[in-house]
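The values are calculated or read from the model by the stated rules, or taken from the named source; none is laboratory data. None of these values were measured; they are calculated from a predicted model. Please note: Cβ atoms are built from the backbone with ideal geometry, for glycine as well, and neighbour counts cover all protein chains shown. In case anyone asks, the SASA skips ligands and DNA or RNA and just uses the protein heavy atoms, side chains included. Shrake-Rupley method; radii C 1.70, N 1.55, O 1.52, S 1.80 Å.
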Amino acid sequence: MMNYFESDDLKKFPAIGKFRGELARKFFEYYGKVMDEDGALTRREKALIALAVAHAQKCPYCIDAYTEACLSNGADPEQMSEAVHVAATMMAGITLVHNVQMLNKLDKLGV
Amino acid sequence: MRLMANESAYDFETRLRQHQLELQPQTVETLQINMGRLCNQTCLHCHVSAGPDRAGEQMSRDTVDSCLAILARYPEIVKLDITGGAPELNEHFRHVVESAAGLGRHVMVRHNLTVTLDPHPVTGESMDWLPAFFAENKLEVVSSLPYWSSYFTDRQRGSGTFDRSIESIRLLNERGYGIEHSGLVLDLVYNPAGAFLPLGQEQLKKDFERELMQNYGLSFNRLYTITNMPINRFREMLERRDAFEEYMEKLVGAFNPCAAGGVMCRNLVSVGWDGRLYDCDFNQMKGLRIDIGGPVHVGNFDLKKVLDRRIVFGEHCFGCTAGAGSSCTGEIS
Ligand code: SF4
Ligand code: SF4
């Protein structure tokens with residue numbers, strides 16, 4: 001049976017360049033430049049950010065890839081778990097801060 | 001893909017040919033001797049499958065003396081690299097170190113740190129004399145520390161290992177090891193605590209330096225990152241998790257022709273505890289003997305023949321050529 005999100009499909013990522021390859025090439029070049037080099041942030045810090053974003057965006061491919069990338073770049077499970085908690089608190093905070101909008105509307109409605 | 005018995009899906013020599021690489025021996029700069037498989041630890045990734053129950057496999061005095069005779073005969077072999085198990089547990093350890101140092105050789109010991117604090121697994125003797133002995137003989141000490149906190153270290157090397165390793169580094173620092181300008185070198189070795197490849201030796205070194213200094217006031221000289229070799233205990237662990245193929249694919253995918261040129265077998269010969277010769281410690285563990293026609297023992301070592309040999313490669317060699325390279329000498333930058 002076919003499933004969405006087969007982990008092996010991640011290997012096919014370069015196939016997104018099948019059509020309009022020059023656009024995909026630009027993306028991969030940009031991606032490589034940002035992620036695979038130490039800059040103002042180290043590769044370890046970038047991998048931790050990527051892991052947090054992967055959780056927030058609920059991408060199983062990226063969770064697999066960045067769990068391993070974090071380890072390879074010298075992060076340990078405590079740092080990785082903390083990064084996921086950062087994502088979780090941001091997501092909760094973002095939900096809750098929208099509550100201000102609700103309160104504004106309630107106010108306007110005289111409730 | 002269907003394979004015949006003894007055939008591997010991961011053909012190292014074909015890959016070398018694809019890159020027009022011929023890896024012939026260059027020198028024998030280092031003689032690496034394995035003093036035996038006795039160890040006070042039983043680490044998960046150990047490619048020697050060493051442990052306290054392997055007291056029967058120890059290098060004899062005769063074999064030690066044959067190794068020393070090679071050093072005396074060939075001044076171009078400038079280094080002696082002593083491994084095990086925990087080589088310090090061999091009763092001839094002091095003799096080999098003092099004699100090689102007396103011959104003016106640079107002597108390195110692969111020291112697991114905790115051996116200083118544990119009693120000898122067979123005799124019960126205290127091993128606390130080691131740091132002073134290392135310093136007196138100016139040994140270069142190369143020690144595994146899988147991480148700068150306990151989780152990875154204890155997982156890989158056994159519960160409590162991290163705290164005892166820290167204590168042992170402190171004893172080495174007190175003798176001058178890892179301290180600038182002391183002339184006493186303490187190198188640490190990082191290897192991944194699982195089926196992933198190491199990256200970024202430079203960044204890891206900075207992290208290790210900062211954390212060990214801030215948290216424990218400790219210092220060291222160099223940090224080497226090495227890749228886990230898919231043999232013995234580490235391979236068994238991969239197979240138990242059905243992860244061997246996936247790990248091999250990672251190694252093969254990360255093949256780096258530049259790292260291939262620097263594999264250690266090109267500049268080293270390895271002697272097993274029983275005196276047999278091998279291209280490297282990993283071939284030794286796989287029982288792949290050096291190929292110079294007929295059985296070769298350290299007692300009839302001939303440098304010219306050794307330099308003319310063809311190195312015996314196998315699928316495990318992909319562990320030496322993955323990413324930045326490893327081969328127990330760490331990442332090549
Ligand atoms: S890795 Fe080293 S310390 Fe650990 S069991 Fe093997 S020889 Fe002993
Ligand atoms: S495993 Fe040994 S023989 Fe193979 S490349 Fe590495 S050092 Fe050379």
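Got a number for the accessible area of residue A:107? Probe 1.4 Å, square angstrom, nearest 10.
Result for residue A:107: roughly 120 Å² accessible.
In Å, what Kirkwood hydrodynamic radius results for region B:140-202 from the alpha-carbon pair distances? The partial results should precede the final answer.
Details: mean 1/r = 0.0790 Å⁻¹.
The answer is 12.7 Å.
Counting only helical runs of four or more DSSP H residues, what would the 222 nm mean residue ellipticity of chain B come to if each run contributes -39,500 (n - 2.57) and the total is spread over all its residues?
Numbers: 12 runs with 110 residues, N = 333.
Result for chain B, helices only: -9500 deg cm²/dmol.
When averaged across all projection directions, what area in nm² does the alpha-carbon convex hull of region A:1-65 cover?
On the way: hull surface 21.4 nm².
Here the figure is 5.4 nm², rounded to one decimal.
Can you work out the FRET efficiency for the pair residue A:99 and residue B:267, with r the C-beta to C-beta distance and R0 = 51 Å, to the nearest 0.05?
The value I calculate is 0.15.
Quick one: work out Rg over Rh on the C-alpha atoms of chain B, Rh as Kirkwood radius.
0.94
Kindly list the residues of region B:127-158 that lie in the label zone of residue B:215, defined by a backbone N under 14 Å from the point 7 Å along the Cα-to-C-beta vector.
Residues passing the 14 Å test: B:145-155.
Rounded to a whole number, what % of the accessible area of region B:1-108 do carbon and sulfur atoms account for, probe 1.4 Å? Don't skip to the end; give the middle numbers.
Details: 2430 of 5270 Å².
Its accessible area is 46 percent carbon and sulfur atoms.
Explain nothing, just the number: dipole magnitude of region B:135-239 about its Cα centre with +1 on each Lys and Arg Cβ and -1 on each Asp and Glu Cβ, in debye rounded to the nearest 20. Can you show the working numbers first?
Working: 12 positive and 14 negative charges, 23 e Å.
The dipole magnitude comes to about 100 debye.
How much length, in nm to one decimal, is gained on full extension between residue B:94 and residue B:151, taken as 0.36 nm per residue of separation minus their Cα-Cα distance?
On the way: separation 57, 0.36 × 57 = 20.52 nm, distance 3.39 nm.
My answer for the length gained is 17.1 nm.
Rounded to the nearest 5, what is the percent of antiparallel bridges among the DSSP beta bridges in chain B? Walk me through the numbers on the way to the answer.
Numbers: 6 of 30 bridges.
Among the beta bridges of chain B, antiparallel pairing accounts for roughly 20 percent.
Would you mind finding the longest exposed-site-free stretch of chain A, with exposed GluC sites (Glu not before Pro) meaning DSSP loop and at most 15 other Cβ atoms within 10 Å? Mind showing how you got there, number by number?
Details: sites that count: A:6, A:37.
The reported range is A:38-111.
Using only the alpha carbons of region B:191-333, what is the convex hull's orientation-averaged projected area in square nanometres? Please report the intermediate quantities before stating the final value.
Working: hull surface 42.0 nm².
Taking the Cα atoms of region B:191-333, their convex hull projects to 10.5 nm² on average.
From the alpha carbon gyration tensor of the protein assembly as shown, can you work out the equivalent ellipsoid semi-axes (sqrt of 5 times each eigenvalue) and give them in Å, largest to smallest?
On the way: eigenvalues 405, 159, 70 Å².
So the equivalent ellipsoid measures 45, 28, 19 Å along its semi-axes.
Could you point to the residue in B:126, A:106, B:104 farthest towards the positive end of the protein assembly as shown's charge dipole, with +1 and -1 charges on the Cβ of Lys/Arg and Asp/Glu respectively?
After comparing all options, I get A:106.
Using every pair of alpha-carbon atoms in region B:173-275, split the distances into 10 Å bins beginning at 0 and state the percent of pairs per bin, rounded to integers.
Going from the shortest bin to the longest, the percentages are 12, 30, 33, 22, 3.
What FRET efficiency would be calculated for the residue pair residue B:312, residue B:241, taking the C-beta separation as r and a Förster radius of 22 Å, to the nearest 0.05?
Numbers: r = 29 Å, r/R0 = 1.30.
Computed FRET efficiency for residue B:312 and residue B:241 comes out at 0.15.
Can you pull a Stokes-Einstein diffusion coefficient for chain A at 10 °C (1.306 mPa s), Rh from Kirkwood over Cα pairs, as a whole number of µm²/s? Don't jump to the answer; show the numbers that get you there.
Values: Rh = 16.7 Å.
In µm²/s, the coefficient is 95.
Let a ≥ b ≥ c be the square roots of the eigenvalues of the Cα gyration tensor of region B:107-217; is it rounded (a/c under 1.5), or, if not, prolate (a/b larger than b/c) or oblate?
Working: a/c = 1.79, a/b = 1.22, b/c = 1.47.
In terms of gyration-tensor shape, oblate.
Which loop GluC sites (Glu not before Pro) in region B:143-248, with loop taken from DSSP, have no more than 13 other Cβ atoms within 10 angstrom of their Cβ? Don't jump to the answer; show the numbers that get you there.
Details: sites: B:167, B:174, B:180, B:202, B:209, B:211, B:236, B:239, B:245, B:246; in loops: B:180.
Those that pass, being in a loop and sparsely packed, are B:180.
Which order do A:85, B:120, B:297 take when ranked by solvent-accessible area (1.4 Å probe, heavy atoms of all protein chains), largest first? Kindly include the intermediate steps, with their values, before the conclusion.
Values: A:85 120, B:120 20, B:297 70 Å².
I get A:85, B:297, B:120, largest accessible area first.
Residues of region B:183-199 with accessible area at least 50 Å² lower in the all-protein-chain context than alone (1.4 Å probe)?
B:196, B:199
For the A and B pair, go ahead and give the buried accessible area with a 1.4 Å probe, both sides summed, in Å² to 100. Each step should come with its number before you reach the end.
Working: alone 8910 and 14740 Å², together 22490 Å².
So the buried area, both faces added, is about 1200 Å².
Dipole of region A:45-84, Cα-centred, from +1 at each Lys and Arg C-beta and -1 at each Asp and Glu C-beta, to the nearest 20 debye? Don't skip to the answer; put the middle values down first.
Values: 2 positive and 6 negative charges, 42 e Å.
Rounded to the nearest 20 debye, it is 200 debye.
Determine the dipole magnitude for chain B: charges of +1 sit on the beta-carbon of Lys and Arg, -1 on that of Asp and Glu, nothing else is charged, the reference point is the Cα centre, and the result goes in debye to the nearest 20. Intermediate results must be reported in sequence, preceding the final value.
Details: 34 positive and 43 negative charges, 80 e Å.
Here the size comes out at about 380 debye.
So in chain A, which Cys have no other cysteine's beta-carbon sitting under 4.7 angstrom from theirs?
That list is A:70.
List the residues of region B:252-276 whose backbone N lies under 13 Å from a point placed 7 Å from the Cα of residue B:76 along the Cα-to-Cβ direction.
Only B:267-268 fall inside the zone, counting backbone N under 13 Å.
Name the trypsin sites (Lys or Arg not before Pro) in region A:41-111 that are in a loop by DSSP and that have at most 10 other C-beta atoms within 10 Å, would you? Don't jump to the answer; show the numbers that get you there.
Details: sites: A:43, A:44, A:46, A:58, A:105, A:108; in loops: A:58.
Loop-located and lightly packed - A:58.
Please find the FRET efficiency linking residue B:125 to residue B:163, where r is the Cβ-Cβ separation and R0 is fixed at 22 Å, and quote it to the nearest 0.05. Please list the in-between numbers first.
Details: r = 23 Å, r/R0 = 1.02.
After rounding to 0.05, the efficiency reads 0.45.
On the full set of protein chains, 1.4 Å probe, figure out the accessible area of residue B:320 and give it in Å² to the nearest 10.
Roll a 1.4 Å probe over it and residue B:320 shows about 10 Å².
Between the alpha-carbon centers of region B:6-32 and region B:104-156, tell me the distance in whole angstrom.
Here the two parts' Cα centres lie 32 Å apart.
Just grab the label-to-label distance for residue B:249 and residue A:64, each label 7 Å out from Cα along the Cβ direction, in nm (one decimal).
In this crude label model, residue B:249 to residue A:64 measures out at 0.8 nm.
So for chain B, taking the charge dipole from beta-carbon charges (+1 Lys/Arg, -1 Asp/Glu), which of B:213, B:195, B:38 sits furthest toward the positive end?
My answer, from the dipole projection, is B:195.
Putting +1 on Lys and Arg Cβ atoms and -1 on Asp and Glu Cβ atoms, find which of A:59, A:31, A:42 reaches farthest to the positive end of the dipole of region A:6-67.
Going by the Cα projections, it comes out as A:31.
Report the gain in length on full extension from residue A:108 to residue A:37: 0.36 nm times residue separation, minus Cα-Cα distance, nm rounded to one decimal.
Numbers: separation 71, 0.36 × 71 = 25.56 nm, distance 5.07 nm.
Stretched out fully, the residue A:108 to residue A:37 stretch lengthens by 20.5 nm.
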